[in-house]
Amino acid sequence: MSDTINISRRFFLKAGSAAAVVMATGGVRMLAYAKEDNTEVFAGWVEVTPDNKVHILFPSTEMGQGSNTALPQILADELNADWDQVEIKQLNKDDRRFGNPAFGNILYTAGSSGVYAYFTILREAGAHLRDMMRQRVADEWSVNFNSVIAENNYIKHSSSGRQMSFGKAISLPDFSTTALRSPVVLKEKSDYTLIGKSIPRRDIPDKATGRAMFAIDVRVPDMLYASVIRSPVEGETVESLNDEKARGARDVVDVITLPDGVAVIAKTMHASFVGRFSLEVTWTETSKYRKYSSESTIAEYRQIARSEEAGAEWRAVGDVKSALKNADATLDAMYTSDYAYHAQLEPMACVASVDDDGKGAEIWAGTQTQSWTTHTAKEVLGTTEDRIKLNMMQMGGGFGRRTELMQNYVRDVLLCSKAVKKPVKVVWLRPDDLKHGAFRPAAAQYMQAGFNSDNAMTAFYHRVATPSVIAYFNPIRWGQVKPNDVVSMRGAENKFYDFDNFTAEHVITERHARILPWRGIGAAYTSFAAEAFIDEVAAKSGVSPYDLRMKLLRNNPRGTHLLKKVSEMANKVPLKEGRGRGIAFAGYGDTQSAGIVEISVNESAGTIKVHHVWIAVDAGKIISPDNAHNQIEGGVLWGVSASLYERITITNGLVDQENYFNYPILRHDMAPKIEVYIAKNDFKPKQVGEAGNPMVAPAISNALFNITGRRIRHLPFTSDNVKKALS
Amino acid sequence: MISFKINGKTIETDADPDTLLLVYLREIAGLTGTKYGCGAAMCGACMVHLDGQPMFSCQLSISAVQGRNIKTIEGMSENGEHPLQKAWVEEQVPQCGYCQSGQIMRAAALLESNPSPTEEEIKSWMNTNLCRCSTYNRIVKAVQRASREMSS
Ligand code: FES
Ligand code: FES
């Protein structure tokens, strides 16, 4: 057996009718204790009850990524549980014992981190409870620990044929004082029963019947509805308000002013809308953000990217500046990208019921973080955590939209409920969700490469001019990580390639709009610039884009494998007349992805159609291959949508778009065929959910070059931008 | 009083006649399987059947459906036995799931008029319905599976 963990301290509490194993994150502290009563309060990671059910805690939140199944699957495997007897419990508290180690034990579902960050903790928890049960039953039968095994919710003694259910085992007298075995022994990879199996997702049946409950669906007795009109530009407040018509409207209960908006509260949702649209509001209109338009913002970022202004070093190898100075030839290019919107299909919505004293609340919300939703409520109500009861709902898409430290959709509903002393639901209309969204930041990236006299690349310099996303959406975190902003910079590290001289740096620009993490975070634009520019370098060096990448991957056998694999897959399909292909190698975090796309272009209309995508991904050990496949496909199509359509423009601080008709996203008929290869190996599990999209934009731009001989260096590739690139 | 049928049951309501059918279904009738996504006939999350035809329930007021028959996802089957619902589970289509009631309602109307659609027919018919998680390719597979099941 391998993978042993040392436990430095152990604690035991009194036995009851059920046992649970709780482990503090960090792997140094272990508690084993009994559930003291039969309440539904969750004791720990896993609990077996006398009815032989296994209850596993789900510490993240579910937004479609499937970790609601994948995380419990890991623990259940190590426990040798019968999956049909497993029940999954949502963690509805900011309980940092179960926090995400990838984010300093904050309860935080982001960065495709759930599986890799919790993998070991979940296995340890399962192994501890399994071996406690083996030990206690072995003692009961007066046999050796090693002669009993755990299998499918039973402890078995094979030589005598005796067996005892987990439910009975934990009901044996003094079960919870059974000594924990230390060090805990984890299963061999070859003994996995659930890890690596495509077991059906638990959340899917209810998503086929309409029973799955999202925050927007919550209805509680006596609930009122609020509709909020928000200040059109960040930082502005109400200057004058005429709410006479609203107050006179049928079923309207109250009109209240919020920090940056006005809420009409009514007995019916319909009345809340009628009231809201009858408000006459003027705003202060003094915000500095009125100075900013996206076009001038990008122009400013371009200038900064090309300037001498020092950037925060993100990753460096060798000495890029002297390599460029000593180069026989150089090449440079400017890549830019617009703001982009999450467009998650469930708009922001929340229900809250504030206690009469205004100091406590029950909240139903779909967010990516129990910690920051709790933080929001504590700040808004000026209260303590024990007064906040959370119900973490499934989300109709997250993609980074629901990650902020201060969540104004939660704030508003708390303020409304507090004012009227009744539960209130707030639903943002789509135009509210879009116009008051927080976007993938606009960026300008200045790329430079140096070459020797043989035209071989000697230097690669990547300057990213974009604001710090973290500084805006989570100032607490920024205090800890400044000046390293993984949200703004991910992908620019370019760590899968072996460069002689390389620097990526972040020139932190002034923020001109609300910004947030967005699927793929920085890699959604940094990989575009880096991988499109690699094709430019290949052209200058006179080698094929494939050969240059193979050379850069020479010390990366897993990456080499993917690039070979993806080109084999694509080469099996003859290239159709009038089409072209492009290649890219990107990935997300530690996960590598190689991709090839096949496109056609209508040059006069400036439109691109993506016909076929091949992608090869290495994310280490895969917990649930079918779900991983679905996530990768979703990621690829997200990338296609982002590349072809998605652009938020801002004029004098106002967002120009308002709904899916002027912020189009990919539809059925434009979804290309996708072939996915996922490497099978036993390396540590890594990120899956965002591994698909970063390679798409550069592969499309490289394909466009292969057809037309013209480079497109601005994302998205909408018809105006394509025409500009081709002219 | 406005009266219409939802999933076979007659409803009488004195709600404001301008109330959107979508809002009525979700917030008054408690049938939250039908979703709000855009309010603009752009996403299909609100798709129901009106006298058997697929309709955006965000585009109809309750006064406009006086005397008509509405079917929602809750009326498709008791427990998810409809071949499309089963196919959705078999193919593990949903990710976040938010769009999927609308997708299933839209697909059901297709199979009623065209029991064996081609891939191209499925794609163009389903074009009214957005899926931000991009489960599009699995939706096509699930519709094909249900179509085979229903014709056998
Ligand atoms: S909510 Fe009706 S089409 Fe989007
Ligand atoms: S499954 Fe998320 S929008 Fe379709």
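The values are calculated or read from the model by the stated rules, or taken from the named source; none is laboratory data. None of the values given here were measured: they were computed from a predicted structure. Cβ sites come from the backbone with ideal geometry, for glycine too, and all protein chains shown count toward neighbours. Side chains included, ligands, DNA and RNA excluded: accessible areas come from the protein's heavy atoms. Shrake-Rupley method; radii C 1.70, N 1.55, O 1.52, S 1.80 Å.
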Q | In the range A:377-508, lysine pairs with alpha-carbon atoms under 23 angstrom apart (chain gap of 8 or more, or interchain) | A | 11
Q) Using alpha-carbon positions, what is the distance between the centroids of the range A:616-685 and the range B:24-61, in Å? A) 26 Å
Q) Among the aspartates and glutamates, which fall within straight-line cross-link reach of A:Lys93, defined as a Cα-Cα distance under 14 Å, with same-chain neighbours fewer than 8 residues apart omitted? A) A:Glu40, A:Glu362, A:Glu385, A:Asp386
Q: Using only protein heavy atoms and a 1.4 Å probe, report how much of A:Trp314 is accessible, in Å² to the nearest 10.
A: 60 Å²
**Q.** Shape category assigned to the range A:172-217 from the gyration tensor of Cα positions, a/c cut at 1.5
**A.** oblate
(Q) I need the semi-axes of the equivalent ellipsoid of the range B:2-74: take the C-alpha gyration tensor, multiply each eigenvalue by 5, square-root it, list largest first in whole angstrom. (A) 17, 13, 11
**Q.** Cα Rg, Dmax (largest Cα-Cα span) when computed across the range A:611-685, Å
**A.** 16.7, 52
Q.
Can you list residues from other chains, or at least 5 along the same chain, whose modelled amide H is less than 5 Å from the amide H of A:Gly587?
A. A:Ser593, A:Met695
Q) Using the membrane-span-like helix rule (whole DSSP H runs, Cα extent along the own axis of at least 27 Å, mean Kyte-Doolittle hydropathy at least -0.5), which helices of chain A qualify? A) A:114-141, A:625-644
(Q) Quick query: amide H of A:Asn501 versus all other amide H atoms, modeled in the peptide plane; which residues come in under 5 Å with a sequence gap of 5 or more or a different chain? (A) A:Phe460
Q.
How long are the semi-axes of the equivalent ellipsoid of the range A:197-296, defined as square roots of 5 times the Cα gyration tensor eigenvalues? Whole Å, largest first.
A. 35, 24, 9
Q.
Order A:Met393, B:Met150, A:Met670 by their accessible area, 1.4 angstrom probe, all chains in place, largest first.
A. B:Met150, A:Met670, A:Met393
Q. For chain A, what is the calculated [θ] at 222 nm in deg cm²/dmol (nearest 500), taking -39500 (n - 2.57) for each run of four or more DSSP H residues and dividing by its residue count?
A. -9000 deg cm²/dmol
Q: Please name the residues of the range B:39-72 whose accessible area, counted over protein heavy atoms with a 1.4 angstrom probe, falls by no less than 10 Å² between the chain alone and the full protein assembly.
A: B:Ala40, B:Met42, B:Cys43
Q) Tell me, what is the per residue accessible area of the range B:101-145 in Å², probe radius 1.4 Å? A) 32 Å²
Q: Find the Cα radius of gyration of the range A:515-554, compare it with 2.2 N^0.38 Å by division, and give the number to two decimals.
A: 1.45
(Q) Based on alpha-carbon centroids, what's the gap between the range A:404-436 and the range A:143-189 in Å, whole number please? (A) 50 Å
Q. Taking amide hydrogens as modeled 1.01 Å from N in the peptide plane, which residues meet the under 5 Å criterion relative to A:Lys389, leaving out close sequence neighbours?
A. A:Ala361, A:Glu362, A:Ile363
Q. What is the percent of Cα-Cα separations in the range B:83-151 that go past 17 Å?
A. 29 percent
Q | All Cα pairs of the range A:135-178, percent lying beyond 11 Å | A | 61 percent
Q | trypsin sites (Lys or Arg not before Pro) within the range A:625-686: DSSP coil, no more than 12 neighbouring Cβ in 10 Å | A | A:Lys680
Q. The range A:32-166: percent of C-alpha pairs farther apart than 22 Å?
A. 39 percent
Q) Using the Cα atoms of chain B to build a convex hull, what is its mean projected area in square nanometres? A) 8.4 nm²
**Q.** Compactness of the range A:400-552 - radius of gyration and Dmax, Cα, Å
**A.** 20.8, 76
(Q) How large are Rg and Dmax for the protein assembly as shown when calculated on the C-alpha trace, in angstrom? (A) 28.0, 86
Q) Which ³J(HN,Hα) values, rounded to whole Hz and listed in residue order, are derived for the range A:592-608 from phi using the Karplus coefficients 6.51, -1.76 and 1.60 in 6.51 cos²θ - 1.76 cosθ + 1.60 with θ = phi - 60°, glycine and proline given as x? A) 9, 9, 10, x, 10, 10, 10, 10, 10, 9, 9, 5, 6, 7, x, 10, 10
Q: Could you list the GluC sites (Glu not before Pro) in the range B:1-86 that lie in coil according to DSSP, counting only those with at most 14 other Cβ atoms within 10 Å of their Cβ?
A: B:Glu78, B:Glu81
Q | Kirkwood-Stokes translational diffusion coefficient of the range A:162-239, alpha-carbon pairs, 4 °C, 1.567 mPa s, µm²/s | A | 64 µm²/s
Q) Which aspartates and glutamates have a Cα less than 13 Å from the Cα of B:Lys9, not counting those fewer than 8 places away in the same chain? A) B:Glu74
Q: Report the charge-dipole magnitude of the protein assembly as shown in Debye, nearest 20, computed about the Cα centre from +1 at each Lys and Arg Cβ and -1 at each Asp and Glu Cβ.
A: 1080 debye
